[in-house]
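Inspection log for the structure reproduced underneath, given as structure tokens.
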Amino acid sequence: MATRPYDLRRYPGFLGITILCLVILYAPLLVVTIYSFNSSPSITNWEEFSFRWYVDVFTGPESDKFKQAAWNSLIIAIIAATTATTIATLAATAVLRAGRFRLRTLSIGLISLPLMVPEIVTAVATLIFFNAIAFERGLMTILLAHIAFCIPFAYMPISARMQGIEATYEQAAQDLYATRRQAFTRILLPLMMPGIVSGFILAFIISLDDFIITNFVKGAGVETLPTAIFGAVKQGIKPNIMAISTLLLAVSIVMVTLSWIIGRKDKTS
Amino acid sequence: MAGGGATGGSVQTDTYAGARGWLLLPAWVTLGILTLAPLAIMLVYSFLTKEFRGGVIWEFSLDAYDQFFFDRGLFGDAPPQIEWTYIGIFWRSIWQAGLATLLSLLIGFPTAYFIATRPEKQRALWVFLVTIPYWVNLLIRTVSMKFLLRDQGPLNEGLMALGVISEPLTIVNTNLAVQLGLFYSYLPFMVLPIYAAVERYNFALSEAAADLYAPRWTILRRILIPAVKPGILAGCILVFVPSLGSFLAPDLLGGARNFMIGSLIEEQFKGNAGNWPFGAAASMILLTMVLILLIVSARQSQKEAR
Amino acid sequence: MKRSLKATVAAAALGLTASAAAAEGKLVIYHWFEYIPQELLDRFSQENDVEIVMDTYDSNESLLATLKAGAIGTYDVAVPGDYMVQIMAGEGLLDEIAEGELANKGNIAPEWADPSFDPGRKHSIPYQWGSTSFAVNRDMYEGDINTTDILFNPPEELSGKINMLDSQGEVLAMAALHMGIPQCSTDRDQLRALNDMLQNAKVHWASFNSDTAKEVLVSGDAAVGQIYDGFAAKAREEGANTDYAFPTQGYVVWMDNVVLLKDAPNRENALKFMDFLLEPENIAAVTNYARYNAGVTGAAEFVDPALAEQPESNPPAEAGEPVFIQVCDRETQEVYDQIWTNLKK
């Protein structure tokens, strides 16, 4: 290593591109945050600093609706992402580490299917399907639909990660008399964690953001945040939506910071 | 190491062969009921007669496919010619989605690599840094992006103040804006799979190559990228396919002057046209096309691996 | 961590079943978003001891699509626009209101009591009405704006700065007015000319967007925008220096109507709700909230006087005839669909 004048892991310019990437990601959010403090009802013309829209979010006529919608969205996203990630992890194990079998290619096709169909088609088809089996629309229908389309999003990073893990680890474990279950939970799962976490996050944000399918399969009076926001926007985009977005952003930052601090404590103790 | 997310890669071991059925059961049940069954309904619908203003009449018909491929003039009674309208719409969407995927890859790969080579404790934080923006609704993000890119928006004003440009750049309502919007919509879907793959990469391989005097860009190209290819392919699929059917970025940033696949199909179900069989047929054609594309790319990468 | 996750799932599962439980005395409204003040719903709810559930849709067409995909029978009332009332009635999605079932039916303003889209008001009552035309930024253009040429054959300074509504009905109705042809023309030469005219006009258009029709005017991204009167007024209030046009060739009027849906699970309450909205004071509250116009006799005295004075509500004497969007028969509609596809391909 000492013979090389540079660090092999570093590529010049990658840091620059990463920073550029973050700037692109966060610049629009800066706009959202700034305009959530605008006193005028316009989202394009700045008037003066005010908390007006934050007050509106908590006390305005639509506050209950948005609170309920945000809550629904979070719950659905958490359950759907957890379920989808579990299903995807099991399926990836079967596809990649259970030998060759006849239904293998078909299984892979089935898992990627929700990704290949345009959302609007899934939306209409699912609605027709739920009606055909007389399944009453409500939160439950949203949840079921979300689980289905989250699976490929969770599966892709998990499968990509699993392909990078050599079979030797588990084989060694089994040679040391670990059961198959132990090899899975003690060896494969920990090695898979970055892939599983990535898959969960993708499933979570895809569920949190879904509008088209949700809009079709939701029951009367049930709103998720995207459906509430899309509905509100039809009457013109108001800064209260900017305020809600900023609050969500704050919640996510707090949650991430907390989990990071807790994670660090775990490791140090 | 062949294949990608779509092909699922090659089988590495048969450790769990005994539990295979149980491992696959949840996926088969969930997707069989919630995706396959509705899709089968759509397939059937594409071969039915359209009901005026939405819905279907249970009578076999090839009209939907005929409408897609044959042009019979404004009044539907001219001699049939090849219809380029819908093929053109499909081609435009593929082109846009492809460029957006390329853009995501060019920015997403270095970012993912950079994150994966951080000290272990920092990585999670960087991953969250990339995904936090996605807590904000896509519509709101897209609207804000439009605000930034406007003719009199901060980007143009900033560039003009710096003297880089003298006239504002027109970005909104152009194809570039659509690609930027799609890129912005799906970036984490590129970054996270690549990150998960690079994180697993064994740098001893790079060391070995460097010991044999390989320059580092050659190492990147010949050793690292092939090794993390499943992640790259997964990322490309996750960006490309949803981009194909997306309509928010094309509508808000591109001005919606032209149909994209997503808006064309949506118009059939939710718009004035109300032509469900045609919407179903267009979806089936899209689905077939994507599947062929994936199979070809999977075959290709399997060949390379041999 | 594991336990807290389980608790969350359990709590959520409880939430799912709780919200699925139905109560006695219910009314399920399918409505546009933010189109009725919450206080009004609360008052109806209290006065009649009825639990209100409201669901929202984003366009007339998506209302139709959802109902046709099987949602009919779960809602009591909806609020479709004029032409959609006619379509829904034709599709058999509406229930008939028998004579005498609505105590306040007499309150409907005479000019709205027998509209072309629902003769005799068999299925609907007026909700709100207004017009669709376009607004022009006066900083960019000072000439005469009361002509459809502004949209379809614009002066140089406006070319490339026009936003159209992304809605077939509104664009094609306006185009028909511009050319002076009937909306559901079956004359092939007229239809070909319409197709060609739109192709030429599209060159001047920057975008099609309904959702941000107001924002593009306020931000100055568009100099001309096809827009509803209420939105044009809001754009003006937000600082856009725009004037709302009343073209001499004519302009589009619309009316949203409360309809009684077929198989309404709570038909009694639906009728009570319609009666409630026919009280001048109640419908005026909607008008003050949504900034459009009511179609009920006596509502005017409860309406904010500023509303009546705004330029968007006062067409000049030389303004053309206001027209509703017409419902074409199947064959004609297919040609119009083709023209729209040609325009947007």
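Some values worked out for this structure:
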item	result
Residue in the range B:206-228 that is surrounded by 24 or more Cβ atoms within 10 Å (Cβ to Cβ) and within 19 Å of the chain's Cα centre (by Cα) present	no
Of all residues making up the range C:67-82, the number that are surrounded by 24 or more Cβ atoms within 10 Å (Cβ to Cβ) and at the interface with chain A (Cβ under 7 Å from one of its Cβ atoms)	1
Given (1) part of a loop (DSSP other than H, G, I, E, B); (2) charged (D, E, K, R); (3) surrounded by 17 or more Cβ atoms within 10 Å (Cβ to Cβ), number of the condition C:D144 does not satisfy	(3)
Residue within the range A:7-30 that is in contact with a helix residue (DSSP H, G or I) (Cβ under 8 Å, 6 or more places away or on another chain), surrounded by 14 or more Cβ atoms within 10 Å (Cβ to Cβ) and in contact (Cβ under 8 Å) with a residue 60 or more places away in the chain present	yes
Qualifying residues in the range A:194-235 (those that are within 12 Å of chain C (Cβ to nearest Cβ) and free of Cβ contacts under 8 Å to residues at least 12 places away in the same chain) - the one surrounded by the most Cβ atoms within 10 Å (Cβ to Cβ)	A:G231
In the range A:160-188, the residues that are free of Cβ contacts under 8 Å to residues at least 24 places away in the same chain, part of a helix (DSSP H, G or I) and of a type in the set (A, V, I, L, M)	A:A172, A:A173, A:A183, A:I187
Output for the range B:252-278, where each listed residue is touching a helix residue (DSSP H, G or I) at 6+ places or on another chain (Cβ under 7 Å) and without any contact (Cβ under 8 Å) to a residue 40 or more places away in the chain	B:A256, B:S263, B:I265, B:E266, B:Q268, B:K270, B:G271, B:N272, B:A273
Of residues in the range A:147-170 being more than 7 Å from chain B (Cβ to nearest Cβ) and either touching a Gly at 6+ places or on another chain (Cβ under 6 Å) or at pLDDT below 85 (or both), the one surrounded by the fewest Cβ atoms within 10 Å (Cβ to Cβ)	A:T168
Any pair with Cβ under 6 angstrom, 6 or more apart, that starts in the range B:147-163 at a residue that is closer than 19 Å to B:A249 by Cβ and ends at one that is of a type in the set (V, I, T) and part of a helix (DSSP H, G or I)	B:F147/A:V31
Test: residue in the range B:278-285 that is surrounded by fewer than 23 Cβ atoms within 10 Å (Cβ to Cβ) and assigned to a helix (DSSP H, G or I)	yes
Number of the condition not met by A:M140 [criteria: (1) crowded, with 24+ Cβ neighbours inside 10 Å; (2) at pLDDT 85 or above]	(1)
Leading residue by the ranking (farthest from B:L139 (Cα to Cα)) among those in the range A:1-32 that are of a type in the set (S, T, Y) and at pLDDT below 90	A:T3
Single unsatisfied condition, C:Q190 versus (1) within 26 Å of B:F259 (Cα to Cα); (2) in contact with a Leu (Cβ under 8 Å, 6 or more places away or on another chain); (3) surrounded by fewer than 22 Cβ atoms within 10 Å (Cβ to Cβ)	(2)
Selection from the range A:236-259 of residues that are touching a Phe, Trp or Tyr at 6+ places or on another chain (Cβ under 6 Å) and among the polar types (S, T, N, Q)	A:N240, A:S252
Single match in A:A84, A:A70 (criterion: crowded, with 23+ Cβ neighbours inside 10 Å and either farther than 30 Å from B:T15 by Cα or among the aliphatic types (A, V, I, L, M) (or both))	A:A84
Unique residue being assigned to a helix (DSSP H, G or I), of a type in the set (V, I, T) and more than 9 Å from every other protein chain (Cβ to nearest Cβ) when the list is B:I225, B:I165, B:I194	B:I225
One residue from C:T332, C:T297 being surrounded by fewer than 20 Cβ atoms within 10 Å (Cβ to Cβ), within 14 Å of chain B (Cβ to nearest Cβ) and modelled with pLDDT of 90 or more	C:T332
Residue check for C:L165: more than 18 Å from C:G320 (Cβ to Cβ) and either within 10 Å of another protein chain (Cβ to nearest Cβ) or at pLDDT 95 or above (or both)	no
Conditions (1) over 30 Å from C:G220 (Cα atoms); (2) facing another protein chain (nearest Cβ under 9 Å); (3) surrounded by 18 or more Cβ atoms within 10 Å (Cβ to Cβ): number failed by A:A77	(2)
Pair list, Cβ < 6 Å and 6+ apart or interchain, from the range C:32-57 residues that are more than 10 Å from chain A (Cβ to nearest Cβ) to residues that are part of a loop (DSSP other than H, G, I, E, B) and buried (at least 17 other Cβ atoms within 10 Å of the Cβ)	none
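Table: residues versus (1) under 30 Å from A:I75 (Cα atoms); (2) part of a loop (DSSP other than H, G, I, E, B).
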residue: C:L27; (1), (2): yes, no
residue: C:L40; (1), (2): no, no
residue: C:V53; (1), (2): yes, no
residue: C:L67; (1), (2): yes, no
residue: C:G92; (1), (2): no, yes
residue: C:E111; (1), (2): no, no
residue: C:P126; (1), (2): no, no
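Residue-by-condition table, conditions (1) at the interface with chain A (Cβ under 7 Å from one of its Cβ atoms); (2) aromatic (F, W, Y); (3) within 14 Å of B:L187 (Cβ to Cβ); (4) out of contact with any Pro (no Cβ under 8 Å at 6 or more places or on another chain):
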position: B:G98; (1), (2), (3), (4): no, no, no, yes
position: B:L103; (1), (2), (3), (4): no, no, yes, yes
position: B:G108; (1), (2), (3), (4): no, no, yes, yes
position: B:R118; (1), (2), (3), (4): no, no, no, yes
position: B:R123; (1), (2), (3), (4): no, no, no, no
position: B:L129; (1), (2), (3), (4): yes, no, yes, yes
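The values are calculated or read from the model by the stated rules, or taken from the named source; none is laboratory data. Only a predicted model underlies this, so the values are computations on that prediction, with no experimental measurement involved. Counting neighbours? That spans all protein chains shown, and the Cβs are built from the backbone with ideal geometry, glycine included.
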